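For reference, the structure discussed in these notes is given below.
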Amino acid sequence: WLNNLRLSLDRLDYLWARWVLGYEGDGQRQLLQQLGLSSPWHILLWVGIGTMLMFVLLLLYLLWREYTARQEPHVTRIYRYLCDLAGHCGVSRQPGETPLQFAARVADAGLPGSQLFEELSAIYYRWCYTPEPDGQGWPDGFAERARGVFLRWAWLAFRARYRGKR
């Protein structure tokens, strides 16, 4: 049985060498014709399709990863959006700054609606950083109250951006 194994491995080695090393131009053309790649344009077309497919799959993966990473609570998303909008109005949030500290800086800057933003920041701070014994969900009316600040600051950011572009 050992001799049969040795002969089988030797045959496998011979077939491999014949396939790879003895591969001539006629064999290559015959293989490409069997695969439907008879002209350089067909080869280029399939390489392009493969490249596009890989690009689309990579893009879908990156979008999926971004989508799953952004699964944050609705209240956090609203508050982060308000902070970004305050940055467009000239008051950017600093790294490590708490919501209450940022709200105080917004009030010092004199942005309209800063009193409401301070209240929203206090609600957000309590919602995020203090344990709720009753397991309460999102704060009631947070999104509706944030809409008033959003509209004021969006208008300010719009005016600041397009003030001299008439």
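Some points to look at:
- Pair list, Cβ under 6 Å, 6 or more apart: segment 79-91 residue outside any helix (DSSP H, G or I), other residue modelled with pLDDT under 80: Cys89/Leu111; Cys89/Trp153; Cys89/Leu156; Cys89/Ala157
- Sole residue being of a type outside the set (Phe, Trp, Tyr), under 33 Å from the mean Cα position of the chain (by Cα) and open to solvent by less than 80 Å² (accessible area, probe 1.4 Å), chosen from Thr68, Thr51: Thr68
- Scope segment 28-48; condition hydrophobic (A, V, I, L, M, F, W, C) and surrounded by 10 or more Cβ atoms within 10 Å (Cβ to Cβ); matching residues: Leu31, Leu32, Leu35, Leu37, Ile43, Leu44, Leu45, Trp46, Val47
The values are calculated or read from the model by the stated rules, or taken from the named source; none is laboratory data. In this text, all values refer to a predicted model and were calculated from it rather than measured experimentally. Here Cβ is always computed from backbone atoms with ideal geometry, including for glycine, and neighbour counts include all displayed protein chains. Note: areas computed on protein heavy atoms with side chains; ligands, DNA, RNA excluded. Shrake-Rupley method; radii C 1.70, N 1.55, O 1.52, S 1.80 Å.
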